[in-house]
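Visitor: This is the structure, below, for whatever I ask next.
The values are calculated or read from the model by the stated rules, or taken from the named source; none is laboratory data. What you see is a predicted model, and the numbers here were worked out from it, not measured in a lab. Positions of Cβ are backbone-derived with ideal geometry, glycine not excepted, and every protein chain shown enters the neighbour counts. When the accessible area is computed, the model is the full protein with side chains, heavy atoms only, and any ligands, DNA or RNA have been set aside. Shrake-Rupley method; radii C 1.70, N 1.55, O 1.52, S 1.80 Å.
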Amino acid sequence: MKYTYTCKKVSLSDSIKAYTEKKISKLDRYFGDENASASVTFSVEKNHLCSVELTIRGSGTLLRAQTEAPDGDMRGAVDAAVGYIERQILKNKTRLAKKLRSEGFPPPAPADDFEVAEEKEFPIVRTKRFSVKPMSAEEAILQMNLLDHNFFVFRSSEDDSLCIVYKRKSGGYGLIVTDEEQ
């Protein structure tokens, strides 16, 4: 697995990098893919709250966890992020196994230290239909706030791409811009 580190308002020691790689390498058995990559962002907030954001890309799957730990405990935040991703893998192991098998990888092996009930279905309890209108990202944010939603889908007035604006947990807004696949 390839590792990429980003640090915000904190310097990262080699021992933390080694610890992080050791913990994340436990997830290698689920991917079996040499092209898998892990992106880890470390940050420290004002009240000494350590935050770790872990994103793993492999076998056409994207997994993400964002965890926090008090009092400068980076190792605790790393443990929590890796544990969260492993629980997500185990919770969805049947679907992931089908996907990975179709791509030629072995199915995920169950971990002995977690007891997670697998979700059998994803029940859709409501379907909404609406027209996607061309607008700017600022107009979409305004519309999202007027509706008191956490996200809003719109078509960009600049390049006609399908976009999504959303509220970030850490404050501010995010923008997802889709690319049409050929």
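Visitor: Which numbered condition in (1) under 21 Å from Ser15 (Cβ atoms); (2) loosely packed, with under 15 Cβ neighbours inside 10 Å; (3) modelled with pLDDT of 80 or more is the only one that Gly76 fails?
Guide: Going through the list (1) under 21 Å from Ser15 (Cβ atoms); (2) loosely packed, with under 15 Cβ neighbours inside 10 Å; (3) modelled with pLDDT of 80 or more, Gly76 breaks only (2).
Visitor: Among the residues of segment 36-71, write down those that are part of a loop (DSSP other than H, G, I, E, B) and out of contact with any Gly (no Cβ under 8 Å at 6 or more places or on another chain).
Guide: Kept after step one, since they are part of a loop (DSSP other than H, G, I, E, B), are these residues of segment 36-71: 36, 45-49, 59-60, 70-71.
If the condition is that a residue be part of a loop (DSSP other than H, G, I, E, B) and out of contact with any Gly (no Cβ under 8 Å at 6 or more places or on another chain), then Glu45, Lys46, Asn47, Leu49, Gly60, Pro70, Asp71 are the ones that fit.
Visitor: Further question: Could you please tell me which pairs satisfy a Cβ distance under 8 Å, a separation of 6+ or placement on different chains, a first residue in segment 116-137 that is under 25 Å from Val165 (Cα atoms) and hydroxyl-bearing (Ser, Thr, Tyr), and a second residue that is modelled with pLDDT of 80 or more and surrounded by 10 or more Cβ atoms within 10 Å (Cβ to Cβ)?
Guide: Within 8 Å, the pairs are Ser136/Ser156; Ser136/Ser157; Ser136/Glu158.
Visitor: Regarding segment 118-125, can at least one residue be identified that is surrounded by 10 or more Cβ atoms within 10 Å (Cβ to Cβ), at pLDDT below 80 and not small (Gly, Ala, Ser)? So that I can check it myself, show each step before the final result.
Guide: Quick first cut of segment 118-125, residues surrounded by 10 or more Cβ atoms within 10 Å (Cβ to Cβ) only: 118-119.
Those left that are additionally at pLDDT below 80: 118-119.
Right, trim to not small (Gly, Ala, Ser) and you get 118-119.
Checked against the condition, which is being surrounded by 10 or more Cβ atoms within 10 Å (Cβ to Cβ), at pLDDT below 80 and not small (Gly, Ala, Ser), segment 118-125 yields at least one hit.
Visitor: Kindly establish whether Lys133 is modelled with pLDDT of 80 or more, open to solvent by 90 Å² or more (accessible area, probe 1.4 Å) and touching a strand residue (DSSP E or B) at 6+ places or on another chain (Cβ under 7 Å). Spell out the reasoning first.
Guide: Working: modelled with pLDDT of 80 or more: yes; open to solvent by 90 Å² or more (accessible area, probe 1.4 Å): yes; touching a strand residue (DSSP E or B) at 6+ places or on another chain (Cβ under 7 Å): yes.
It is true that Lys133 is modelled with pLDDT of 80 or more, open to solvent by 90 Å² or more (accessible area, probe 1.4 Å) and touching a strand residue (DSSP E or B) at 6+ places or on another chain (Cβ under 7 Å).
Visitor: Scanning for something of a type in the set (Gly, Ala, Ser), within 17 Å of Tyr3 (Cα to Cα) and buried (at least 20 other Cβ atoms within 10 Å of the Cβ), does segment 40-57 turn up at least one residue?
Guide: no
Visitor: So, in segment 1-22, exactly how many residues are part of a loop (DSSP other than H, G, I, E, B), open to solvent by less than 70 Å² (accessible area, probe 1.4 Å), closer than 18 Å to Gly72 by Cβ and touching a residue at least 24 places away in the same chain (Cβ under 8 Å)? Even if it seems obvious, please write down each step before you answer.
Guide: Residues of segment 1-22 part of a loop (DSSP other than H, G, I, E, B): 1, 9-13.
Still in the list and also open to solvent by less than 70 Å² (accessible area, probe 1.4 Å): 1, 10, 12-13.
Imposing the further condition that a residue be closer than 18 Å to Gly72 by Cβ reduces the set to 10, 12-13.
Right, trim to touching a residue at least 24 places away in the same chain (Cβ under 8 Å) and you get 10, 12.
Counting residues in segment 1-22 that are part of a loop (DSSP other than H, G, I, E, B), open to solvent by less than 70 Å² (accessible area, probe 1.4 Å), closer than 18 Å to Gly72 by Cβ and touching a residue at least 24 places away in the same chain (Cβ under 8 Å) gives 2.
Visitor: Of everything in segment 140-158 that's closer than 23 Å to Glu180 by Cα and open to solvent by 100 Å² or more (accessible area, probe 1.4 Å), which residue is farthest from the chain's Cα centre (by Cα)?
Guide: Looking at residues that are closer than 23 Å to Glu180 by Cα and open to solvent by 100 Å² or more (accessible area, probe 1.4 Å), I get Glu158.
Visitor: Further, regarding this structure: Would you mind stating whether Ser25 is surrounded by fewer than 18 Cβ atoms within 10 Å (Cβ to Cβ), in contact with a strand residue (DSSP E or B) (Cβ under 8 Å, 6 or more places away or on another chain) and farther than 19 Å from Asn92 by Cα? It would help to see each step written out before you state the result.
Guide: Values: surrounded by fewer than 18 Cβ atoms within 10 Å (Cβ to Cβ): yes; in contact with a strand residue (DSSP E or B) (Cβ under 8 Å, 6 or more places away or on another chain): no; farther than 19 Å from Asn92 by Cα: yes.
No; evaluated as a whole, the condition is false for this residue.
Visitor: OK, next. Residue check: is Tyr84 more than 30 Å from Lys26 (Cα to Cα), hydroxyl-bearing (Ser, Thr, Tyr) and either modelled with pLDDT of 85 or more or open to solvent by 90 Å² or more (accessible area, probe 1.4 Å) (or both)? Step through it out loud before you land on a result.
Guide: Details: more than 30 Å from Lys26 (Cα to Cα): no; hydroxyl-bearing (Ser, Thr, Tyr): yes; either modelled with pLDDT of 85 or more or open to solvent by 90 Å² or more (accessible area, probe 1.4 Å) (or both): yes.
The answer is no for Tyr84.
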